[in-house]
Amino acid sequence: MKNAIEKLLWSIALPGFGQFLNGKVIKGIVLIILEFLINVQANFNVVIIASFQGDIQNAIGQADYQWLMFYPCLYFYAMWDAYKDAGGAKERYSFLPFVFSAYFVTVGCIYSSNFLLFGVLLGPVWLPMLCVIPGLVVGIIIKKGLNKKCIF
């Protein structure tokens, strides 16, 4: 399990790194190329810098949302894949927390230019990051329900 967590953490650092560590070199190269392409086309590094500096309006203005919306699915898929290939996620439906996190982060991205939380505009970095929490919760609840064969 330690090995799977290590691969997961490297995939969080950069999609594709976990695949390299798992010996899936071609998959790792493809994921890194896709991550680089989406990152550059979405102006994501500029958006991250502006967000960390508190310049949310600039971050919103710099973001290319048509590209940025691809990022959550690529990111969470790379994490799931590295974790799974390293021997993690042996329980049925273990992919659901990753999938629902990708869904919720994508929705957070969509609404990030105008959604206020307690009167604060969080923008295209902070709101999607906060959306990971309900995504994980929903995914875990559904996974547990399906594994217990509950009908929702």
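The values are calculated or read from the model by the stated rules, or taken from the named source; none is laboratory data. Predicted, not measured: the structure shown is a model, and the values here were computed from it. In this analysis, Cβ positions are derived from the backbone assuming ideal geometry, glycine residues included, and neighbour counts consider all displayed protein chains. Note: areas computed on protein heavy atoms with side chains; ligands, DNA, RNA excluded. Shrake-Rupley method; radii C 1.70, N 1.55, O 1.52, S 1.80 Å.
Look at the range 4-28 and say how many of its residues are under 18 Å from the mean Cα position of the chain (by Cα) and over 13 Å from residue 87 (Cα atoms).
In the first step, residues of the range 4-28 are kept if they are under 18 Å from the mean Cα position of the chain (by Cα); the result is 4-19, 27-28.
From what is left, the residues that are over 13 Å from residue 87 (Cα atoms) are 9-17, 27-28.
Summing the residues that are under 18 Å from the mean Cα position of the chain (by Cα) and over 13 Å from residue 87 (Cα atoms) in the range 4-28 gives 11.
Give the number of residues within the range 9-42 that are open to solvent by 30 Å² or more (accessible area, probe 1.4 Å) and either in a helix (DSSP H, G or I) or touching a residue at least 24 places away in the same chain (Cβ under 8 Å) (or both). Walk me through how you get there before you give the answer.
Pass one, the range 9-42, residues open to solvent by 30 Å² or more (accessible area, probe 1.4 Å): 9-10, 12-14, 17, 20-27, 29-30, 32-34, 36-37, 40-41.
Still in the running and either in a helix (DSSP H, G or I) or touching a residue at least 24 places away in the same chain (Cβ under 8 Å) (or both): 9-10, 12-13, 17, 20-22, 24-27, 29-30, 32-34, 36-37, 40-41.
Looking only at that region, the number is 21.
Applying the selection to the range 51-64, what residues are without any contact (Cβ under 8 Å) to a residue 60 or more places away in the chain and touching a helix residue (DSSP H, G or I) at 6+ places or on another chain (Cβ under 7 Å)?
Correct list: 58, 62, 64.
Find all pairs meeting these conditions: Cβ atoms under 6 angstrom apart; at least six residues apart or on different chains; first residue within the range 103-117 and of a type in the set (Ser, Thr, Tyr); second residue open to solvent by less than 50 Å² (accessible area, probe 1.4 Å).
Qualifying pairs under 6 Å: 106/72; 112/123; 112/124; 112/127; 113/60.
Could you grab the pairs with beta carbons closer than 8 Å, sequence gap of 6+ or different chains, first residue in the range 124-152 and farther than 20 Å from residue 76 by Cα, second one at pLDDT below 95 and in a loop (DSSP other than H, G, I, E, B)?
145/152; 146/92; 146/93; 147/91; 147/92; 147/93
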